[in-house]
Each structure stands twice: as structure tokens, then as C-alpha cells.
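One structure is given here, and the rest of the page talks about it.
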Amino acid sequence: MTLDQLQTQFEAFKTKKLALDMSRGKPSAAQLDLSNELLDIVTSKDYLSSQGAETRNYGGLDGLPETKELFKNFLEVSSVEEVVVGGNASLTIMHDIISRGITHGMCDSELAWGKQTIKFICPVPGYDRHFSICQHFGIEMIPVACNENGPDMDQVEQLVANDASIKGIWIVPKYSNPTGLSCSDEVVDRLSSMKTAANDFRIFWDNAYAVHHLSEDKDVLKNILTSCKAAGNDNRPFILCSTSKITFAGAGVSAVGGSVANMDWYRGHLFFSTIGPDKLNQVRHNRFFKNIEGLHKHMEKHAALLKPRFEKTLSILETELGGTGLATWTKPNGGYFISLDVPNGCAKRVVALAGEAGVKLTGAGATYPDKKDPNDSNIRLAPSCPTVNEIEQAMQIVCLATKIAAVEVDIVKDSVLS
Ligand SMILES: Cc1ncc(COP(=O)(O)O)c(C=O)c1O
């Protein structure tokens with residue numbers, strides 16, 4: 001097919017004046033509906049906790065006992081002392097921990113992070129909001145490439161062993177944003193036991209997609225806290241999670257887990273910023289799930305909605321780009337994203353072309369620190385919100401845009417494309 005023919009196809013799509021969006025990892029309306037019972041579950045007649053605690057007043061700094069128990073099981077930590085239940089967003093907890101590290105230092109810091117130059121390792125491609133937190137606080141970001149098992153550990157080990165200013169690493173360990181891939185046991189063990197020049201090094205273990213399987217084919221993640229404790233690095237991980245993509249995004253419940261020393265440090269700081277969290281929302285969530293098994297059951301309903309969307313995205317990629325050598329993409333067992341790599345130098349062009357034809361994609365570069373993908377090749381696809389029909393059209397356009405961009409920069413001769 002010639003470039004002219006590809007462009008004719010593209011113009012035909014443009015005349016349809018589509019408005020499709022595969023840019024944000026948001027739950028669809030149908031997914032939100034799955035949790036509507038939350039809106040009726042606490043009433044004016046029935047708002048006490050299961051143990052009869054008042055939920056309308058101040059107090060309960062680190063969460064209701066029943067909610068801590070639920071998140072203890074979710075985070076897979078060994079006691080409720082290793083849990084702090086937060087507000088509506090795990091991102092707030094991550095931001096707050098780093099902010100307090102900067103002003104006061106961690107529980108085992110000799111010096112507040114703000115009194116020194118500090119750096120974080122940022123596995124790439126990664127989650128833009130993690131990078132934005134670093135940027136916001138002036139933390140230098142060191143990108144490290146990921147493979148299908150997680151970050152390149154040879155590089156990570158070498159960096160942290162030799163530079164005491166490296167204080168942290170971001171990890172989305174399961175069904176990562178954007179690759180959808182999970183850390184192998186070996187990566188978990190190496191992260192837990194590696195020697196760090198900084199004695200107050202932290203892993204921000206953002207397990208946002210811990211229970212977000214697409215099918216029975218589930219990734220299993222090794223327990224980071226157990227592994228760190230076994231290596232004598234009890235204070236290394238902060239484990240984050242929330243129900244944003246389980247119940248309501250922006251109106252769920254978040255939590256952090258870690259060693260008692262870390263949690264006591266965090267509780268100590270929380271004392272100054274709140275007199276207590278929203279316990280009514282905690283009661284809602286406890287009643288809705290009942291227990292961790294209830295939460296897992298609920299996730300099966302999400303999977304039923306998400307799986308066909310992922311399947312459609314992958315099948316169009318395979319039909320249109322499979323065998324062309326123009327692109328590679330991940331095939332996740334869970335999460336919210338597929339990571340697409342187009343030829344070097346083409347991602348921005350593909351996103352721009354898709355935009356011209358009415359398909360909104362995450363900005364090229366967003367998956368890298370400072371929004372700069374050195375290869376200009378990575379594109380994050382978010383199939384959760386559009387319908388399967390919309391995904392079919394959107395992905396036809398993304399694939400066509402990839403072919404056009406590749407021909408434009410002479411990666412392939414147009415004659416070899418069908
Ligand atoms: C990896 C990751 N962490 C955190 C979040 C945000 O979570 P929350 O709503 O709990 O702040 C997202 C949302 O897209 C995410 O992808």
C-alpha cells in the first residue's frame with residue numbers, strides 16, 4: 001500500500017468526525033455502577049461502625065479497626081499496626097510521605113531530605129504522576145529501563161550502591177502503569193536485599209492494581225515487606241493502595257502499609273494535618289465488601305467489563321501491525337493499560353495524527369520523567385473507558401497512524417504495508 005493510499009484511508013476516518021478517548025485510565029460508567037450500593041449503604045439510621053463506634057465525629061487518626069483489618073489483608077502485611085488508612089487518594093499519601101521526608105526526614109534519616117540534594121530512580125516507562133511529584137519537589141530523576149520482569153536490577157543495584165543521594169525508587173509492582181507487567185520474585189528479592197549507600201532509602205511500592213486481574217490467569221507478586229524484613233531492611237518499603245479503581249475513583253479509600261516504625265513515623269506526622277479521616281466512607285466500604293474475599297469477588301465484575309476491551313485493543317494491534325515489525329506492545333493479565341512502542345521518533349507523530357482523526361491518546365513522552373521519551377517511541381493505551389466498538393475504530397486509527405508515521409520517516413517502504 002502506498003503512502004497516498006494510507007493517507008486516503010486516513011482522510012476517510014477524518015470525515016467521520018469521531019471523538020474517542022483512550023487517554024486516561026479511568027473506570028467506565030458501567031464500572032462505577034458496580035459500586036452504586038455504596039451510596040445507599042450508610043443512612044441517617046445506620047452509620048455506626050461494626051463495633052458501634054461513632055463515625056460522624058473526629059477521631060480514629062489511622063482508620064477504623066475494621067477498615068485497618070480489611071487493608072491489612074489487602075496490603076498483605078502482618079498486623080493492623082502496619083497499616084494507616086488514609087483519605088480518598090493514595091497519591092496524596094505518596095506526596096505527603098515525600099513532603100515530610102523533605103521537611104523532617106524519614107524515621108531513620110540523619111538529615112532531612114530537603115537539606116541535601118536527593119534523587120529518585122524512576123523505572124521507565126512509568127506513571128506520570130510519580131514523576132510530577134519528583135519534579136514538584138525538585139528531586140532529580142534517574143530513569144532506568146524496565147524489562148518484562150520489572151526494572152533493570154543490574155543498573156538499579158549499581159546506582160543505589162554508589163550514590164547516597166538516591167533516596168527512593170518508584171515501583172508499580174503489579175500490572176504496572178503503563179506496561180501492565182508485574183515484578184518477578186527475583187526483582188522483589190533484589191530490591192529488598194540490595195545494598196544502598198543511603199541508610200534511609202525507600203521503595204514506593206505503589207500497588208494500585210493489586211487486585212485488578214483480567215481473568216483467571218493472575219500474576220502473583222512476592223510480598224515486599226516480608227522480603228525486606230528477611231533481608232534486615234524492614235523500613236525500606238512503603239506499600240500504597242486505594243479503592244479508586246475498585247469502587248469510586250476520587251471517592252474511595254486509600255491506605256499505606258509498612259514496618260511499625262514507618263507507620264508510627266507517618267502517624268506522628270498525620271497528627272498535625274488531620275484530626276481524623278472520613279470514617280463514614282470507611283464504614284461504607286467495609287459494609288460493601290464485608291471482607292477481602294468480597295473485594296476479590298467484586299473485582300471479577302470489573303474484569304468482565306475490562307477483558308473484552310483489552311481483547312479488542314490487542315486483536316486490532318495484531319491484525320494491523322502484527323508481523324510488520326513496526327511496533328511491539330504488552331499483553332497484560334491485569335491493570336488498566338497496554339504499552340505500545342512504535343518506531344523511534346514516531347510516537348509524537350502517531351499521537352498527533354490520531355488526534356487529527358478524533359482519537360485522544362495520552363501525550364507521547366508522558367511515561368518518562370520531564371515528559372521526555374528519549375526514543376520518542378512509547379504510547380500508553382487506556383482501554384477502560386471507551387466501548388468495544390469505539391476501541392475498534394480508535395485502534396484502527398492508531399495503527400494506521402503508526403504506518404503513516406513510519407513511512408514518513410522512512411522506517412519502512414510503504415509498498416511492504418498492507
Ligand atoms: C500507578 C498508579 N498509582 C496511583 C494512582 C492514583 O491512585 P489514587 O486515586 O489512589 O490517588 C493511579 C491512577 O491512575 C495509578 O495508575
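The values are calculated or read from the model by the stated rules, or taken from the named source; none is laboratory data. Note that the structure is a prediction, hence the values are computed from the model and not measured. We place every Cβ from the backbone using ideal geometry, glycine too, and count neighbours over all the protein chains shown. All accessible areas refer to the heavy atoms of the entire protein, side chains included, with ligands and DNA or RNA removed. Shrake-Rupley method; radii C 1.70, N 1.55, O 1.52, S 1.80 Å.
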Practice prompt. Rounding to the nearest 20 debye, state how big the charge dipole of the stretch 87-209 is about its Cα centre with +1 on each Lys and Arg Cβ and -1 on each Asp and Glu Cβ.
Written response: 400
Fill in: Cut-off under 5 Å, modelled amide H: who pairs with Gly334 long-range
Leu214
Discussion item. Among 40-53, 390-403, 90-103, how do they line up by average Cβ neighbours within 10 Å per residue, starting with the highest?
Written reply: 390-403, 90-103, 40-53
Response to the item:
Between the alpha carbon centres of the stretch 49-69 and the stretch 220-262 the gap in Å comes to 20
Worksheet item: Which entries in Lys290/Lys312; Lys195/Lys245; Lys45/Lys307; Lys26/Lys290; Lys72/Lys371; Lys229/Lys279 show an alpha-carbon gap greater than 28 Å?
Response: Lys290/Lys312; Lys195/Lys245; Lys45/Lys307; Lys72/Lys371; Lys229/Lys279
Worksheet item: Sequence-distant or interchain residues sharing an amide H contact under 5 Å with Arg202, placed H: which?
Response: Gly168, Ile169
Worksheet item: How large is log10 I(q)/I(0) at q = 0.16, 0.21 Å⁻¹ when the Debye formula is applied to the Cα atoms of the stretch 206-247, each weighted equally and without solvent?
Response: -0.54, -0.78
Worksheet item: What number, in nm² with one decimal, is the all-direction average of the projected area of the convex hull of the alpha-carbon atoms of the stretch 295-418?
Response: 8.1
Worksheet item: Can you give the relative contact order of the stretch 281-349 as a percent, counting alpha carbon pairs under 8 Å and 6+ residues apart?
Response: 16
Practice prompt. Return one number: the angle in degrees, 0 to 90 and rounded to the nearest 10, between the long axis of the Cα atoms of helix 65-75 and the longest principal axis of the Cα atoms of the chain.
Written response: 40
Discussion item. Please compute the contact order of the stretch 211-328 in relative form: average sequence separation of alpha-carbon pairs under 8 Å and at least six residues apart, divided by the residue count, as a percent.
Written reply: 28
Item to complete: Rounded to whole Hz and in sequence order, give me ³J(HN,Hα) for the stretch 186-200 from the Karplus expression 6.51 cos²θ - 1.76 cosθ + 1.60, θ = phi - 60°, writing x for Gly and Pro.
Response: 4, 5, 4, 5, 5, 5, 6, 9, 4, 7, 10, 5, 7, 8, 10
Worksheet item: Between Asp264 and Ser78, what is the label-to-label distance in nm when each label sits 7 Å out along the Cα-to-Cβ direction?
Response: 1.6
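Percent of alpha carbon pairs in the stretch 15-62 separated by more than 17 Å?
Details: 712 of 1128 pairs.
Here the long-distance tail beyond 17 Å is 63 percent of all Cα pairs in the stretch 15-62.
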Discussion item. Output the 0 to 90 degree angle, nearest 10, between the alpha-carbon long axis of helix 90-104 and the longest principal axis computed from the alpha carbons of the chain.
Written reply: 60
Worksheet item: Each residue of the stretch 340-353 in order: what ³J(HN,Hα) in whole Hz does its phi give by Karplus 6.51 cos²θ - 1.76 cosθ + 1.60, θ = phi - 60°, with x for Gly and Pro?
Response: 10, 10, 9, x, 3, x, 10, 4, 4, 5, 4, 4, 5, 4
Worksheet entry | Probe 1.4 Å, accessible area per residue of the chain, Å² | 41
Practice prompt. Determine the relative contact order of the chain: mean sequence separation of Cα pairs under 8 Å and six or more apart, normalised by residue count, in whole percent.
Written response: 26
Item to complete: Have a look at Asn389, Asn262, Asn344 and tell me which one the Gaussian network model of the chain (Cα, springs below 10 Å) gives the largest fluctuation.
Response: Asn389
Worksheet entry | Principal-axis tilt of helix 3-15 within the chain, Cα atoms, nearest 10 degrees | 60
Discussion item. Per DSSP helix of 4 or more residues, -39500 (n - 2.57); summed, then divided by the residues of the chain. What does that give at 222 nm, rounded to the nearest 500?
Written reply: -12000 deg cm²/dmol
Worksheet entry | Separation of alpha-carbon centers, the stretch 156-191 and the stretch 307-324, rounded to whole Å | 29
Response to the item:
A chain fully extended from Thr92 to Val220 at 0.36 nm per residue, minus the present Cα-Cα distance, gains in nm 43.4 nm
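How would you classify the stretch 182-336 from its alpha-carbon gyration tensor, with a ≥ b ≥ c the square roots of the eigenvalues: rounded for a/c under 1.5, else prolate if a/b is greater than b/c, otherwise oblate?
The shape class here is oblate.
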Worksheet item: What dipole magnitude, in Debye to the nearest 20, does the stretch 321-405 give about its Cα centre under +1 on Lys/Arg Cβ and -1 on Asp/Glu Cβ?
Response: 100
Worksheet, complete the sentence: Residues other than Asn389 with Cβ under 12 Å of its Cβ, Lys/Arg counted +1 and Asp/Glu -1, net out at 0
Worksheet item: Regarding the stretch 179-253, what are the three Cα extents along the principal axes, ordered largest first, in Å?
Response: 40, 29, 21
Worksheet entry | Under 5 Å, built H, 5+ apart or other chain: amide partners of Val124 | Val144, Ala145, Cys146
Worksheet item: What ³J(HN,Hα) values, in whole Hz, does the Karplus curve 6.51 cos²θ - 1.76 cosθ + 1.60 give for the stretch 235-241 when θ = phi - 60°, with x put for Gly and Pro?
Response: 8, 6, x, 10, 9, 10, 7
Fill in: Three-way shape label, the stretch 354-418, alpha-carbon gyration tensor, a/c 1.5
oblate
Discussion item. So if I restrict to the alpha-carbon atoms in the stretch 1-147, what is the Rg, and what is Dmax, the biggest pairwise distance, in Å?
Written reply: 23.5, 72
Worksheet item: Quick one: if you stick a label point 7 Å off each Cα along the C-beta vector at Glu54 and Thr15, how many nm between them?
Response: 7.0
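Give me the extension gain from Ile275 to Gln5: residue separation times 0.36 nm, minus the current Cα-Cα distance, reported in nm with one decimal.
90.8 nm
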Worksheet item: Roughly to the nearest percent, how much of the accessible area of the chain is carbon and sulfur, given a 1.4 Å probe?
Response: 50
Worksheet item: Which number comes out as Rg/Rh for the chain once both Rg and the Kirkwood Rh are worked out on C-alpha atoms?
Response: 1.00
Worksheet item: Which part of the stretch 238-252 falls in the paramagnetic zone of Leu39, meaning amide N under 20 Å from the point 7 Å along Cα-to-beta-carbon?
Response: 243-252
